[in-house]
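The values are calculated or read from the model by the stated rules, or taken from the named source; none is laboratory data. None of these values were measured; they are calculated from a predicted model. Cβ placement follows ideal geometry from the backbone for every residue including glycine, while neighbour counts extend to all protein chains displayed. Areas reflect the complete protein model, heavy atoms only, side chains present, ligands, DNA and RNA absent. Shrake-Rupley method; radii C 1.70, N 1.55, O 1.52, S 1.80 Å.
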Amino acid sequence: MSKRILITGGAGFIGSHVVRLFVNKYPNYQIFNLDKLTYAGNLENLRDIENMPNYTFIKADITDAVLMDSLFEKHGFDSVIHLAAESHVDRSITHPLEFVVTNVVGTVTLLNAAKKYWNSNMEGKLFYHVSTDEVYGSLHNDNEFFLETTSYDPQSPYSASKASSDHFVRAYHNTYKLPIVLSNCSNNYGPNQFPEKLIPLFLNNIQQNKALPVYGKGENVRDWLYVVDHARAIDLVYHKGKIGDTYNIGGFNEWKNIDLIKVMCSTMDKKLGRKIGESEKLISYVKDRAGHDLRYAIDASKIMKELGFEPSLQFEEGISLTIDWYLQNKNWLENVTSGNYQKYYSDQYESRV
Ligand code: NAD
Ligand code: TYD
């Protein structure tokens with residue numbers, strides 16, 4: 001069956017992997033990648049598929065209500081996979097309002113556009129909202145996990161804005177019968193992640209012999225999933241998820257930050273031909289993040305049992321592939337850290353809405 005899918009935030013880290021998977025796997029689907037190209041959006045991520053006949057890029061801001069209405073009219077989207085967001089906790093601590101505008105107002109603007117355009121016939125339509133496990137707050141006992149039924153308890157401005165957007169998506173299902181589905185995923189890692197997040201930032205700093213700023217004592221725990229596996233899970237939820245339902249996505253892969261950082265250091269030593277222990281000397285303990293969540297851990301049993309999801313690789317393999325990618329794509333990293341990627345693409349797409 002053919003489909004016309006609007007994917008928002010497709011020039012970002014996870015979005016670009018979702019766009020690639022859908023464009024390559026479903027040649028009979030038309031994929032529309034809508035992205036504002038903020039600092040986190042980079043069309044270099046999609047060079048390999050940018051000329052595919054079933055792919056269209058639209059530079060636009062999801063908070064622009066008039067434009068969103070006209071794009072639904074013009075392109076006739078029958079489903080949305082919504083990933084566009086401000087996504088970095090540290091930025092949300094310094095600029096909380098930007099997170100409210102994009103993550104809350106932007107999501108409600110898109111919901112309104114979908115509701116208006118689909119109003120006469122909701123059959124076969126889907127609004128898929130991609131969210132995070134951070135909405136559940138912070139775990140303090142080792143034997144606790146986030147379930148789909150866990151109460152929301154967001155602790156950072158980022159997670160509060162994502163929690164709010166999740167509530168609006170569910171409210172539109174309850175109030176207006178908008179066909180929706182949600183997923184909440186654990187921390188992602190892999191190629192194309194902006195080097196403000198832990199793994200790409202530290203890999204970049206290790207290469208350049210710069211200090212590795214570990215927040216607090218490095219004892220916080222995160223649950224890591226390879227980004228391609230998140231994209232595969234999104235494919236499953238999009239095609240097989242039950243309308244109105246929520247799926248937690250993860251790979252049962254918890255790491256204490258400091259242990260993960262040591263694995264990155266020793267793997268980089270090997271790959272760069274450094275003496276073992278050399279990169280670890282770059283570790284520098286710094287002031288903790290304000291309100292730093294202690295532990296996240298997803299129970300992914302539901303998506304595994306109901307939709308048959310299985311991560312495709314083990315963490316050791318995923319981190320090795322990730323490190324190889326960053327070492328082989330130094331240009332990507334240089335363009336991103338220098339800001340060159342934005343200059344190149346913003347002129348090209350400014351008038352192509
Ligand atoms: P990212 O920051 O790499 O990408 C976000 C993309 O959204 C960028 O391309 C950016 O240009 C675009 N964007 C931002 N504001 C926009 C606006 N107003 N209009 C249109 N586009 C806009 O983020 P990511 O890490 O790829 O995360 C994608 C989604 O997945 C987010 O919703 C995030 O909350 C969720 N998520 C992320 C993780 C993770 O570990 N990174 C885990 C679970 C869920
Ligand atoms: P991050 O990649 O920002 O993801 P999130 O905060 O959404 O989990 O951070 C992952 C963990 O690494 C988190 O516990 C904070 C920590 N961290 C550092 O110790 N130093 C850093 O420079 C960064 C960016 C993160």
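Has the stretch 270-280 got any residue that is more than 30 Å from ILE243 (Cα to Cα) and among the hydrophobic types (A, V, I, L, M, F, W, C)?
yes
Can you tell me which of VAL169, VAL108, VAL100 is assigned to a helix (DSSP H, G or I), touching a His at 6+ places or on another chain (Cβ under 6 Å), over 23 Å from TYR189 (Cβ atoms) and in contact (Cβ under 8 Å) with a residue 24 or more places away in the chain?
VAL169
For the stretch 77-97, name all the residues that are over 18 Å from the mean Cα position of the chain (by Cα) and either more than 16 Å from ligand 2 (Cβ to nearest atom) or in contact (Cβ under 8 Å) with a residue 40 or more places away in the chain (or both).
Once the filter is applied, which keeps residues that are over 18 Å from the mean Cα position of the chain (by Cα) and either more than 16 Å from ligand 2 (Cβ to nearest atom) or in contact (Cβ under 8 Å) with a residue 40 or more places away in the chain (or both), the stretch 77-97 yields PHE77, ASP78, SER79, ILE93, PRO96, LEU97.
Restricting to the stretch 37-93, count the residues that are of a type in the set (Val, Ile, Thr) and more than 11 Å from ligand 1 (Cβ to nearest atom).
5
Any residue at all in the stretch 23-31 that's surrounded by fewer than 23 Cβ atoms within 10 Å (Cβ to Cβ) and within 15 Å of the chain's Cα centre (by Cα)?
no
Just checking, how many residues over the stretch 26-51 are assigned to a loop (DSSP other than H, G, I, E, B), more than 15 Å from PRO191 (Cβ to Cβ) and in contact (Cβ under 8 Å) with a residue 12 or more places away in the chain?
Residues flagged as assigned to a loop (DSSP other than H, G, I, E, B), more than 15 Å from PRO191 (Cβ to Cβ) and in contact (Cβ under 8 Å) with a residue 12 or more places away in the chain within the stretch 26-51 amount to 8.
Hey, any hits in the stretch 159-176 for a residue that's buried (at least 23 other Cβ atoms within 10 Å of the Cβ), over 30 Å from ASN340 (Cβ atoms), among the polar types (S, T, N, Q) and near ligand 2 (Cβ under 9 Å from one of its atoms)?
Yes: one or more hits.
Looking only at residues in the stretch 111-129 that are in contact with a strand residue (DSSP E or B) (Cβ under 6 Å, 6 or more places away or on another chain) and either without any contact (Cβ under 8 Å) to a residue 12 or more places away in the chain or of a type in the set (A, V, I, L, M, F, W, C) (or both), which one is farthest from ligand 1 (Cβ to nearest atom)?
Per the stated criteria, the residue is LEU126.
Condition (residue is farther than 19 Å from HIS129 by Cβ and open to solvent by 40 Å² or more (accessible area, probe 1.4 Å)) applied to the stretch 8-22: is it met by at least one residue?
The answer is yes, given that some residue of the stretch 8-22 is farther than 19 Å from HIS129 by Cβ and open to solvent by 40 Å² or more (accessible area, probe 1.4 Å).
Taking the stretch 51-79, which residues are within 21 Å of ALA231 (Cβ to Cβ) and in contact with a Lys or Arg (Cβ under 9 Å, 6 or more places away or on another chain)?
Once the filter is applied, which keeps residues that are within 21 Å of ALA231 (Cβ to Cβ) and in contact with a Lys or Arg (Cβ under 9 Å, 6 or more places away or on another chain), the stretch 51-79 yields PHE57, ILE58, ILE62, PHE77, ASP78, SER79.
Suppose the filter is open to solvent by less than 10 Å² (accessible area, probe 1.4 Å) and either touching a residue at least 40 places away in the same chain (Cβ under 8 Å) or closer than 22 Å to GLY15 by Cβ (or both); does ASN209 pass it?
Spelling it out, it is not the case that ASN209 is open to solvent by less than 10 Å² (accessible area, probe 1.4 Å) and either touching a residue at least 40 places away in the same chain (Cβ under 8 Å) or closer than 22 Å to GLY15 by Cβ (or both).
Whether any residue in the stretch 58-65 is within 30 Å of ALA290 (Cα to Cα) and within 16 Å of ligand 2 (Cβ to nearest atom) is what I want to check.
No: the stretch 58-65 contains no residue that is within 30 Å of ALA290 (Cα to Cα) and within 16 Å of ligand 2 (Cβ to nearest atom).
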